[in-house]
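Participant: The structure's right below; bear with me while I get my questions together.
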Amino acid sequence: MTEFALQHVRGQFPALDLSVGGRSAAYFDGPGGTQVPQRVLTAVTEYYTDSNANRHGAFITSERTEHVIRTGREKMAALLGADPDEIAFGANMTTLNFSLARALGHTLHPGDEIIITDMDHEANRDPWLDLREHGAVVRSIPMRMPDCRVDLDALRAQLNHRTQIVAIGWASNLSGAIVDLAEVGRLAREVDATLVVDAVHHVPHRPVDVREVQCDFLLCSPYKFFGPHLGVLYGRRDAFDRLPAHRARPQRAGPPEKIETGTANHEGIAGTAAACDFIADIDGGGDSYRENLLRGMRAVAGYEDELNRRLMRGLSDMDGVQIYGPAADDERTPTVSFTVRDRSPREVAEFLAAQGIFVGDGHFYALTVVEKLGLAASGGVVRAGIAPYTAAEEVDALLQGVDDIR
Ligand SMILES: Cc1ncc(COP(=O)(O)O)c(C=O)c1O
């Protein structure tokens with residue numbers, strides 16, 4: 001942990017200066033969206049001062065806008081291990097996934113099957129459930145309890161020659177459980193199914209290589225990893241080529257523009273590139289930008305996991321506190337959901353908020369997980385997420401706060 005340059009990282013986040021009732025704000029709401037470093041704010045501002053225009057113009061600001069978009073694709077491609085023309089931008093993951101599902105729906109025949117999971121955020125369930133209108137059969141794979149991880153045996157049992165699409169989350173935004181995606185990919189390929197991965201909760205916490213995973217499509221959201229509110233869709237070149245996307249007539253028919261309906265969030269793309277730069281600079285010194293991104297994400301993962309162990313150990317020691325999800329040393333992200341006996345999640349969150357400690361409460365759209373846990377009627381869970389700007393003292397303050405309300 002000592003090797004992680006925490007003070008250097010923290011110094012880049014102006015939001016850490018916020019104080020609440022005389023106490024510095026401690027942000028454990030990263031799984032809902034992280035804070036952003038100054039360079040992202042600067043990139044967004046500079047887009048407006050130096051480059052603000054629509055595309056395809058003969059003048060300098062329009063040319064700069066083309067450059068911003070190209071750079072955004074290049075940097076996101078480097079983060080995911082993809083090629084720039086495999087990277088599309090959209091309003092957010094949910095909107096892109098509905099567009100993707102609607103497009104893939106045209107390739108289905110009545111009786112074709114789609115696999116989703118109980119572990120997934122509803123943004124990776126409802127777009128596929130909607131395809132039942134076209135005669136698709138949608139099967140949801142249960143979780144293994146108590147760690148809330150997708151049951152791969154159940155997945156194996158459901159796959160068959162009618163399975164056309166497997167849509168699965170890489171990591172749960174509620175329990176932190178990480179899925180063995182290499183195995184899921186192998187299983188999907190065995191039946192020749194299209195693999196769609198919701199990596200929104202995975203990308204902020206682990207290095208990613210889409211080639212290794214061999215998925216067809218993968219989605220993430222830069223606002224979960226230090227960037228602006230935006231969504232990203234990776235589509236493997238051949239799968240993206242074949243995708244019958246809905247588009248306006250003048251829109252380019254090839255990837256990635258084919259799925260980018262309307263004018264993009266140019267300033268958000270500029271900020272996304274800066275968010276990638278932030279990651280690449282955490283532990284720079286590699287031979288390439290991609291290598292620096294990987295080094296940065298490895299450093300983030302190592303630091304976060306250690307703090308997560310501190311957090312989970314502290315919570316586990318408290319009588320009356322129940323954690324949902326894998327143990328600290330299992331494959332998981334540093335996102336911890338829990339309840340406190342005789343206190344609603346909102347009560348806990350309000351108590352902590354009054355001390356400047358920001359945690360989430362509710363279901364976070366992982367509604368099926370909360371229902372399966374039997375917590376839907378009681379306000380869901382309290383969720384605390386570690387980010388690279390989280391300090392050990394903040395974790396201790398959170399533990400003290402939970403102990404106090406307990
Ligand atoms: C795992 C997961 N998937 C999908 C989404 C939806 O992302 P977006 O807000 O970009 O639509 C979220 C957002 O919280 C998420 O955590």
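Participant: How about the range 291-380: which strands (runs of 3 or more DSSP E) wholly inside it have at least 1 residues that are at pLDDT 95 or above and of a type in the set (Gly, Ala, Ser)?
Facilitator: Working: elements: 321-324, 335-340, 360-362.
So the answer is 335-340, 360-362.
Participant: Counting just the residues of the range 136-177 that are among the basic types (Lys, Arg) and farther than 14 Å from Asp112 by Cα, which one comes out farthest from the ligand (Cβ to nearest atom)?
Facilitator: Kept after step one, since they are among the basic types (Lys, Arg), are these residues of the range 136-177: 139, 144, 149, 156, 162.
Still in the list and also farther than 14 Å from Asp112 by Cα: 144, 149, 156.
Details: Arg144: 18, Arg149: 14, Arg156: 23 Å.
Checking each candidate, the answer is Arg156.
Participant: When you scan the range 323-334, do you find a residue that is touching a His at 6+ places or on another chain (Cβ under 7 Å) and of a type in the set (S, T, N, Q), even just one?
Facilitator: First, the residues of the range 323-334 that are touching a His at 6+ places or on another chain (Cβ under 7 Å): 333-334.
Those left that are additionally of a type in the set (S, T, N, Q): 333.
Yes, the range 323-334 contains at least one residue that is touching a His at 6+ places or on another chain (Cβ under 7 Å) and of a type in the set (S, T, N, Q).
Participant: Residues in the range 234-255: is at least one modelled with pLDDT of 95 or more, closer than 28 Å to Thr49 by Cα and crowded, with 18+ Cβ neighbours inside 10 Å?
Facilitator: no
Participant: Would you check which residues across the range 260-285 are under 18 Å from Val9 (Cβ atoms) and either touching a strand residue (DSSP E or B) at 6+ places or on another chain (Cβ under 6 Å) or modelled with pLDDT under 95 (or both) and list them? So that I can check it myself, show each step before the final result.
Facilitator: Pass one, the range 260-285, residues under 18 Å from Val9 (Cβ atoms): 271, 274-285.
Of everything in the range 260-285, those that are under 18 Å from Val9 (Cβ atoms) and either touching a strand residue (DSSP E or B) at 6+ places or on another chain (Cβ under 6 Å) or modelled with pLDDT under 95 (or both) turn out to be Gly284, Gly285.
Participant: For Ala77, state whether it is under 30 Å from Ser172 (Cβ atoms), away from the ligand (no atom under 16 Å from the Cβ), assigned to a helix (DSSP H, G or I) and not basic (Lys, Arg). Talk me through it step by step, then tell me what you get.
Facilitator: Values: under 30 Å from Ser172 (Cβ atoms): yes; away from the ligand (no atom under 16 Å from the Cβ): yes; assigned to a helix (DSSP H, G or I): yes; not basic (Lys, Arg): yes.
Taking the combined requirement at face value, the residue satisfies it.
Participant: Okay, moving on. Can you tell which of Leu108, Leu104, Leu100 is within 16 Å of the ligand (Cβ to nearest atom), assigned by TED's automatic domain parsing to the domain that holds Thr194 and touching a residue at least 24 places away in the same chain (Cβ under 8 Å)?
Facilitator: On the way: Leu108 fails: within 16 Å of the ligand (Cβ to nearest atom); Leu104 fails: within 16 Å of the ligand (Cβ to nearest atom).
Only one candidate passes the filter, namely Leu100.
Participant: Count, please, the residues in the range 101-131 that happen to be crowded, with 24+ Cβ neighbours inside 10 Å and either part of a loop (DSSP other than H, G, I, E, B) or at pLDDT below 95 (or both).
Facilitator: Of the residues in the range 101-131, 4 are crowded, with 24+ Cβ neighbours inside 10 Å and either part of a loop (DSSP other than H, G, I, E, B) or at pLDDT below 95 (or both).
Participant: Condition first: surrounded by 17 or more Cβ atoms within 10 Å (Cβ to Cβ), in a loop (DSSP other than H, G, I, E, B) and of a type in the set (S, T, N, Q). Now tell me which residues in the range 1-55 satisfy that.
Facilitator: Residues satisfying the conditions are Gln12, Thr34, Gln35.
Participant: Can you tell me which residues in the range 84-98 are buried (at least 22 other Cβ atoms within 10 Å of the Cβ) and either at pLDDT below 95 or assigned to a helix (DSSP H, G or I) (or both)? Steps first, please.
Facilitator: Within the range 84-98, the subset buried (at least 22 other Cβ atoms within 10 Å of the Cβ) is 86-90, 93, 96-97.
Passing the criteria: Glu86, Met93, Leu96, Asn97.
The values are calculated or read from the model by the stated rules, or taken from the named source; none is laboratory data. A quick note: this is a predicted structure, and the numbers were derived from the prediction, not measured. In this analysis, Cβ positions are derived from the backbone assuming ideal geometry, glycine residues included, and neighbour counts consider all displayed protein chains.
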